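The values are calculated or read from the model by the stated rules, or taken from the named source; none is laboratory data. This one's a predicted model, so the numbers in the text were calculated from it and none came from an experiment. Don't worry about glycine lacking a Cβ; one is built from the backbone with ideal geometry, like all the others, and counts go over all protein chains shown. Side chains included, ligands, DNA and RNA excluded: accessible areas come from the protein's heavy atoms. Shrake-Rupley method; radii C 1.70, N 1.55, O 1.52, S 1.80 Å.
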Amino acid sequence: MTMRMTRRNLLAGGAALLSYSMLASSALSQEGRLRVLWWGSQARADRTNKVNQLFQSENQGVSINGEFLGWSDYWPRLATQVAGRNAPDVIQMDYRYIVEYARRGALAPLDDYLGSTLNVEDFDKVQIEGGSVDGKLYGISLGANSAAMMVNAVAFEEAGVDLPTPNTTWDDMARIGAEITKAGKRKGFYGIADGSGVEPLFENWLRQRGKALFTADGKIAYDANDAAEWFAMWTAMREAEACVPPDIQALDQYTVETSPLSLGKAAASYAHSNQFVAYQGVNKDKLALNNFPLIGKDAKGGHYRKPSMFFSVSAQTQDPELGAKYVNFFVKDPKAAEILGVERGVPESAAVREQLAPTLDELGRAMLDYVSGLGALAGALPPPPPSGAGEAEFALRTVAEQVGFGQLDAKQGGETLVNEVSQILSRG
Amino acid sequence: MAAVQDSTVAVGAGANARPTAQGRLASIWTKHGAGYMFLLPWLVGFFGLTLGPAVASFYLSFTNFDLIRSSEWVGTANYVRIATADPKFAAAIKVTFLYVVLSVPFKLAFALLVAILLNRGIKGLTVYRAIFYLPSLLGGSVAIAVLWRQLFAGDGLINSLLAQFGIEGPSWISHPDYSLWTLVVLSVWQFGSPMIIFLAGLRQIPTDMYEAASLDGASKFRQFYKITLPLLTPVIFFNAVVQTIEAFKAFTPAFIISGGTGGPINSTLFYTLYLYQEAFGNFRMGYASALAWILVLIIGLFTAFSFLTSRYWVHYDD
C-alpha cells in the first residue's frame, strides 16, 4: 500500500497529497474507482486531469487515478499491464491497435450502454463505425483529425515564395521546395522534409491514385510500380535539393520535436492536424496548416477524417458501466468539452462542436477549419490496419532510407518494399 | 524431542561428533546463518528476478505468447524461423558482431594505454583514476546517449569543430556509413573499468624484472613486449571476456541514438534492440524469448571458445 501511495504522490505532486491519500483509502474498498491510461504531452495531461477532477466532484464516491506516457512507451506498458491482468479501466486506444486488442478480448464491447449511459447519437456515423470491430463497438472517438502538412510561414515569406494552397500539386511543391533551398536565407535549410518514408503521406498519395495501403482483408493494396514511382519522385526532389538530404531526414524520430521542421532544417513537414498545437509550441516561427500536395489539379480523396484516438473500456474492469459513464462525460459534458478543447482533435459531438466554435483560439480555429474544410479532398475512412501494419510502416521507412542513401534505386526500392510488406502481412 | 534435538545440536556444534541431518542444518545455520541472511536479498533477486524469468522465457520460446492472449505451444517454429526466414535477424547479427569486433579491441587497447600512462607514478593518481573511471559509471545511461546524439548530430559539436578546419561533416548518427562508429566511440570512451583492472594488473608485475631487463639493455618497447604483455595476459583475458559479453548485451546507446529504430537502414540494429522490437513493438514474446536464448547460446559459445584458446596465449605465473 505504501508503495502505491508513493507512486501516486509522485505522479500527482506534493500539492495533491491530501486528496490522493483519501483516494487511496477509497481504493481499498474498490468502490467506484477508475484507472485511466493515455498517451500524450503534459498539456494533454493537464486538461485530462482537470476533467477527471470534475468527474469526481460530480460523482460522489468515485475516484479516478490517471496516468500518462509518451506514445512509444505507452504500448509496451499497456500490453504488459493487460498481460498481467492489471489493465487500466479506461484505455486510450489508437485506430492502429483497436482491432488487435478487441480481437484478443482485452476490451469490453460498449453496445449495451448505447442510448442509456452512452449518448453518442450526434456523432458522425462513420466515426462510430471506426471504433467498431466485427460489428461491436469497442472505442468512442475522442476527436477527428486528418493528416496535414505543417508549414513554416515565416520561412516561406523570407524566401519570397507563396504559401501552399489546397490546390498545390507535387510538381508545385518540388519547384517551391527547390526555390526555398536556393534562396538560402537560413543556414543548412531546405524546402521540405523528405517524406518518402512517411506512411500517412505515402498513403495519401496512393489514395489519390485510387490505391490504398491495405485491403479490407489485410493484404497489400499497391504494387511495385506504385512504390517505384513514389520513390522516383522523391529521388528527383532530393537531387534538385527540394527536400532535406537523407542523413538529415534520418534524424527524424517521427516525433514533433525531431521533425525537420522543428529542428529548423526544412520549411514543411508532415503530421496530423491535431498536432498543430504541439508543433506550434516547439516552433518559434508562425506555422500554417495545409493539406498534402495533389498528384494533379483535379485529384481528390487522398485525405480522410480519422478518429484521432478512442477511449476504450477494459474487459478486465470491475464496473464497465462506470467506465462507459466516464467516457460519455469526457465526450459530451459541456464543462469537460470546454477544458479539453480540440487538443485531441475536433470533437465528434455536433453539440460540443457548436459550443466550442466561438471559444476557440487561433490555433484551435485553424485546426477546426482545416478538418471541416477538406471537402472533396477527403475520401472514405480506410479499414483498420491489419496486424503487422506497424512492421509494414517500419519497412517503408527502412526502404525509403535505402533509396535515399543510394543503396537501391527507385525501381529496386519499389520491388523490395512490396516484397517485404507482403511477407510481413502474410505472417500477420 | 525438541530437547534431544537441541542437545544434538549442542554436541554437533561443540564436540564435532557425527550430527544428524537436522543437526547439520542447524549447525550450518548457527555457523553461517548471518551470512545467509546477508545474502538473502541477492538470493531472492537471483531466484525471483533472474532464474525464474529465465526458465519461463525458455518455455515461452516454444510458444506464440503475445502478452495478451494465452499462449499456444508451437514447438520449435520460432527457432526454425530465426534460422531460415528472418532477414532482420541476420542484419542484427551482422551489426552486433561488427560492434563486438570493433569496440572490444579498441576499448581494451585504449584502456591499457591509459593504464600504462597512469602507472608511471604520476602525482594525484587517484584523482586521474577517478576522472577516467567516470565515463564508465555514466556510460550506460540514457543521458549520455542523448548527449552523444547532440555531439554527433548534423549541427552538433563534432561538426562545429570540423568546420574550424573547413570540413563539412555529415550527420554522423543518422548516416548508415558512420552511425555504428559513433556507438563504437561511445563504447571506447567508457574504458574506465578495464583500465582500473589493467592498472591493478600492472602493479602486480615485479619491478626488478624491468630493472634486470634495462640492465641487459632492453628497450622500453621490448620490455613492454617481453615482460608487460605476457605477465598481463591473465588480466587481458579477463577483460576481453567481460567486455565481449557486455558488448553483446549493449542496448541503451543504440536504443536512444536511433530512437528505438536501429536505423538508419538497420545500421545500429543491435541484437538486443531487435529483440526488444519483437517483444514490445510487435508483441511477439515467444519469438523474442527464442531470440534471447540464441543470444545466450552465442555468448556461451564465445566465452567457451575464449577459455579453450586461452591456454595457448594466457600465461599464469605458477
Single condition residue A:375 does not satisfy, out of (1) open to solvent by 40 Å² or more (accessible area, probe 1.4 Å); (2) farther than 20 Å from residue A:150 by Cα: (2)
If I go through the stretch A:250-264 residue by residue, how many of them are open to solvent by less than 20 Å² (accessible area, probe 1.4 Å) and facing chain B (nearest Cβ under 8 Å)? 2
Test result for residue B:174, within 27 Å of residue B:92 (Cα to Cα) and within 14 Å of chain A (Cβ to nearest Cβ): yes
Among the residues listed as A:391, A:362, the single one being at pLDDT below 95, acidic (Asp, Glu), in contact with a Lys or Arg (Cβ under 9 Å, 6 or more places away or on another chain) and open to solvent by 20 Å² or more (accessible area, probe 1.4 Å): A:391
Does residue A:54 count as over 15 Å from the mean Cα position of the chain (by Cα), more than 28 Å from residue B:60 (Cβ to Cβ) and at pLDDT 90 or above? yes
Within the stretch A:237-247, can you find the residues that are out of contact with any strand residue (DSSP E or B) (no Cβ under 6 Å at 6 or more places or on another chain), under 19 Å from residue A:183 (Cα atoms) and either more than 14 Å from every other protein chain (Cβ to nearest Cβ) or surrounded by 24 or more Cβ atoms within 10 Å (Cβ to Cβ) (or both)? A:238, A:239, A:240, A:241, A:242
Residues in the stretch A:401-425 that are in a loop (DSSP other than H, G, I, E, B) and among the polar types (S, T, N, Q) total 1
Which one of these does residue B:163 not meet: (1) assigned to a helix (DSSP H, G or I); (2) under 22 Å from residue B:99 (Cα atoms); (3) within 14 Å of chain A (Cβ to nearest Cβ); (4) free of Cβ contacts under 8 Å to residues at least 60 places away in the same chain? (2)
Residue check for residue A:60: part of a helix (DSSP H, G or I) and out of contact with any helix residue (DSSP H, G or I) (no Cβ under 6 Å at 6 or more places or on another chain): no
I'm checking my understanding of the structure. Among residues of the stretch B:117-163 that are within 17 Å of residue B:252 (Cβ to Cβ) and of a type in the set (Ser, Thr, Tyr), which one is surrounded by the most Cβ atoms within 10 Å (Cβ to Cβ)? B:136
Determine whether the stretch B:258-270 contains at least one residue that is open to solvent by less than 20 Å² (accessible area, probe 1.4 Å), modelled with pLDDT of 85 or more, under 15 Å from the mean Cα position of the chain (by Cα) and more than 22 Å from residue B:133 (Cβ to Cβ). yes
Do any helices (runs of 4 or more DSSP H) entirely within the stretch A:72-185 hold 1 or more residues that are within 14 Å of another protein chain (Cβ to nearest Cβ) and buried (at least 19 other Cβ atoms within 10 Å of the Cβ), and if so, which? A:98-103
Being of a type in the set (Phe, Trp, Tyr) and either surrounded by fewer than 11 Cβ atoms within 10 Å (Cβ to Cβ) or closer than 16 Å to residue B:278 by Cβ (or both) is the filter here; which residues of the stretch B:48-85 pass it? B:62, B:65, B:73, B:79
Any chance the stretch A:215-228 includes a residue that's in contact (Cβ under 8 Å) with a residue 60 or more places away in the chain, surrounded by fewer than 23 Cβ atoms within 10 Å (Cβ to Cβ), of a type in the set (A, V, I, L, M, F, W, C) and under 28 Å from residue A:180 (Cα atoms)? yes
Residues that are within 20 Å of the chain's Cα centre (by Cα) and facing chain A (nearest Cβ under 10 Å), drawn from the stretch B:271-295: B:276
